[in-house]
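Report on the structure given below.
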Amino acid sequence: MKADETGILLWVKNYQACVDFYSRVLELKIRFQKSYLTTFDFGDSYLLVEKEDPAHGPIQRDGRPPFILRLNVPDVQQATWQLRAKDVEVEFNSHDWGDIGQFHDPDGNILQFCKWK
């Protein structure tokens with residue numbers, strides 16, 4: 001099987017706050033948008049942020065999210081400073097395998113900047 005492209009669909013409760021976060025804070029380019037979903041360029045993939053639909057049941061949360069959205073960047077420290085300048089709390093950690101800057105979107109989803117060593 002050959003995929004043309006990969007994508008991530010993210011159901012959120014706080015739709016407009018999340019769209020603002022991904023477009024204005026992370027500065028992801030919007031591909032297309034409707035009143036209930038927005039698709040962003042996300043590296044070589046896409047990120048589709050969609051307003052949670054109660055008909056599909058609640059978003060499953062058991063204290064630990066089932067995934068982390070990771071953006072590999074050339075300089076985690078610089079990316080961390082850029083988000084902190086926009087009043088986003090970012091936890092920076094350097095490990096023997098690489099650097100991580102971890103933060104949350106308005107819906108509580110975990111995101112990370114990563115740079116492998």
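Summary of computed values
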| item | result |
| --- | --- |
| Members of the stretch 25-46 that are at pLDDT below 95, in contact with a Leu (Cβ under 9 Å, 6 or more places away or on another chain) and not in a loop (DSSP other than H, G, I, E, B) | L37 |
| Residues of the stretch 89-117 that turn out to be within 17 Å of V19 (Cα to Cα) and surrounded by 17 or more Cβ atoms within 10 Å (Cβ to Cβ), as a count | 6 |
| Evaluation of D107 against (1) without any contact (Cβ under 8 Å) to a residue 24 or more places away in the chain; (2) over 18 Å from G43 (Cβ atoms) (one fails), failing number | (1) |
| Matching entry among A79, A55 (being modelled with pLDDT of 95 or more and among the small types (G, A, S)) | A79 |
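The values are calculated or read from the model by the stated rules, or taken from the named source; none is laboratory data. None of these values were measured; they are calculated from a predicted model. Reconstructed Cβ throughout: ideal geometry from the backbone, glycine too, with neighbour counts over all protein chains shown.
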